[in-house]
Amino acid sequence: MYNLGALEATANEESGSRIFLYEVVGLRQSEETDQTNYPIRQSGSVFIRVPYNRMNQEMRRLTRLGGKIVSIQPISAIELNGKSPSESVDEVVNNATSESVDEVVNNATSDKTANIKGNGQATPVKANSEVKGFGKSLNSEQEQPKKDKKGNTMTQAKAKHADVPVNTYRPNAPFIGKCISNEALVQENGIGIVQHIKFDLSESNLKYIEGQSIGIIPPGVDKNGKPEKLRLYSIASTRHGDDVDDKTISLCVRQLEYKHPETNETVYGVCSTHLCFLKPGDEVKITGPVGKEMLLPDDTDAKVIMMATGTGIAPMRAYLWRMFKDAEKAANQDYQFNGFAWLIFGVPTTPNLLYKEELEELEQKYPENFRLTCAISREQKNPQGGRMYIQDRVAEHADELWKLIKEEKTHTYICGLRGMEEGIDAALSAAAAKEGVNWTDYQKQIKKAGRWHVETY
């Protein structure tokens, strides 16, 4: 998630000089960073546009704030759609995507659009950015390799996940999809409302990958009289959709409900309530897809550890369906999973075990390849006699998990409430310490290697 506020404003003096985009992680909360204003989950990176003549000054300022610059990309040479480079990047950033700096630049340079039956304009997929399992891209032109001054072909570094579709539909031109079905996932006597909602994509160009998200723009205006902003939701279906026909997309949505701190009145989330009570045929504004943090490895022998709370199960469901569902296997001849997947799932009560029957079916059918461990907080006790949370399960199996995490083929995914991260780190720290390994340092290594994936909120 991009977060810009006062940080970006201080680096926004463009006097015709070259402009660079900094990707920064590790910024501490301060009066400046508190001003970043976006109501949905954050990936941890902040993107800041910096003129060339202020690069050193900005580096020193970010260092004082505890930030680390992980990449710098030049963007001033980009011109598109009749906009200045800064306008183009601002549009991408403000659309709250989860893409890399390279994607910000590449998406900002798209100069052709396709109008899909009255919906928003779809950003065309580039010919060198096709995705396995999908058809040919809209633009058939192949980019030629760049050459140096002597005419020799230059070796180009391939951007990570460059073939993943992003921002086909943007907030200012969303796709208008229709609800196909809306089914309750919480069983009788469960807590709250959680729905599995399927949308029709047959009239769109929207393609997506397991682990990505889409934006939903609810109808109406906010308290300031402005149109509601989009909210991001993790996709709960595989790239082929629940019907394996490439025509649908599904979400797992919980209706947000909380007590107002001053009036004690019950407040319901605007977008989640809108989605949870959709009826078949109702229209919804869809943007995206976005996100590259939670993608599965291509390795069919990989070991995949999944830790989820509540609706954080959404991307995990997409992974598991891709790995194990018969229809998916038939549709993915180049991806036949032979590895091991372990889901540790935290919920408050048994009726809140989302997709319970489907998960248990996979466990029974693939006992050697899939393991399900549940933490039911209001029904189970941890060793200290308190409620059993997901971090308690991780502590219970910490040595086994640590052994798996050390293997190069293992990828770990965490999705759900941010509060579980501290307990998970504590449990794995204790296990790693038995071998004299500092977990914090090791975690940084596997993050850098692309084997530790987190999306919490």
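The values are calculated or read from the model by the stated rules, or taken from the named source; none is laboratory data. Keep in mind that what you see is a predicted model, and the values were worked out from it rather than measured. A quick note on method: Cβ atoms are made from the backbone with ideal geometry, for glycine too, and the neighbour counts reach across all protein chains shown. Remember, those area values only see protein heavy atoms, side chains included, never the ligands or the DNA or RNA. Shrake-Rupley method; radii C 1.70, N 1.55, O 1.52, S 1.80 Å.
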Region 400-414 residues that are closer than 14 Å to Ala341 by Cβ and open to solvent by 10 Å² or more (accessible area, probe 1.4 Å), paired with ones that are part of a helix (DSSP H, G or I) and among the hydrophobic types (A, V, I, L, M, F, W, C) (beta carbon under 9 Å, 6 or more apart): His411/Ile446
So for region 229-245 (the condition being of a type outside the set (D, E, K, R), part of a loop (DSSP other than H, G, I, E, B), open to solvent by less than 50 Å² (accessible area, probe 1.4 Å) and modelled with pLDDT under 95), does at least one residue qualify? yes
Got a number for residues in region 309-320 being more than 15 Å from Thr373 (Cβ to Cβ) and either modelled with pLDDT under 95 or open to solvent by 10 Å² or more (accessible area, probe 1.4 Å) (or both)? 3
Using the structure shown, decide if Phe345 is among the aromatic types (Phe, Trp, Tyr), closer than 28 Å to Arg231 by Cα and open to solvent by 50 Å² or more (accessible area, probe 1.4 Å). no
Restricting region 163-208 to residues that are in a strand (DSSP E or B) and small (Gly, Ala, Ser), the one most open to solvent (accessible area, probe 1.4 Å) turns out to be Ala184
Given the conditions (1) surrounded by 12 or more Cβ atoms within 10 Å (Cβ to Cβ); (2) modelled with pLDDT under 95; (3) over 21 Å from Tyr413 (Cβ atoms), report the number of the one that Gly291 does not fulfil. (3)
For Ala159: the one exception among (1) modelled with pLDDT under 95; (2) touching a strand residue (DSSP E or B) at 6+ places or on another chain (Cβ under 9 Å); (3) open to solvent by less than 60 Å² (accessible area, probe 1.4 Å): (2)
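Going residue by residue through region 430-444, is there one that turns out to be under 20 Å from the mean Cα position of the chain (by Cα) and not aliphatic (A, V, I, L, M)?
yes
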So if I check each of Lys329, Lys303, which one is modelled with pLDDT under 95, more than 13 Å from Ser234 (Cβ to Cβ) and surrounded by fewer than 24 Cβ atoms within 10 Å (Cβ to Cβ)? Lys329
At least 1 residues that are under 17 Å from Arg317 (Cβ atoms) and over 26 Å from the mean Cα position of the chain (by Cα) in each: list the helices (runs of 4 or more DSSP H) lying fully within region 329-416 that qualify. 356-365
Sole miss for Met323 among (1) closer than 21 Å to Ile390 by Cα; (2) open to solvent by less than 10 Å² (accessible area, probe 1.4 Å) is condition (1)
Of all residues in region 252-277 being in contact (Cβ under 8 Å) with a residue 40 or more places away in the chain and in contact with a helix residue (DSSP H, G or I) (Cβ under 7 Å, 6 or more places away or on another chain), the one that is surrounded by the most Cβ atoms within 10 Å (Cβ to Cβ): Val253
Residues that are in contact (Cβ under 8 Å) with a residue 40 or more places away in the chain, under 21 Å from Ile414 (Cβ atoms), part of a helix (DSSP H, G or I) and of a type outside the set (Asp, Glu): does region 294-311 have at least one? yes
If I ask for residues that are under 15 Å from His397 (Cβ atoms) and β-branched (Val, Ile, Thr), which ones from region 305-346 would you list? Ile305, Ile344
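Might you check whether a residue that is at pLDDT below 50, closer than 30 Å to Arg231 by Cα and of a type in the set (Ser, Thr, Tyr) occurs anywhere in region 43-65?
Yes.
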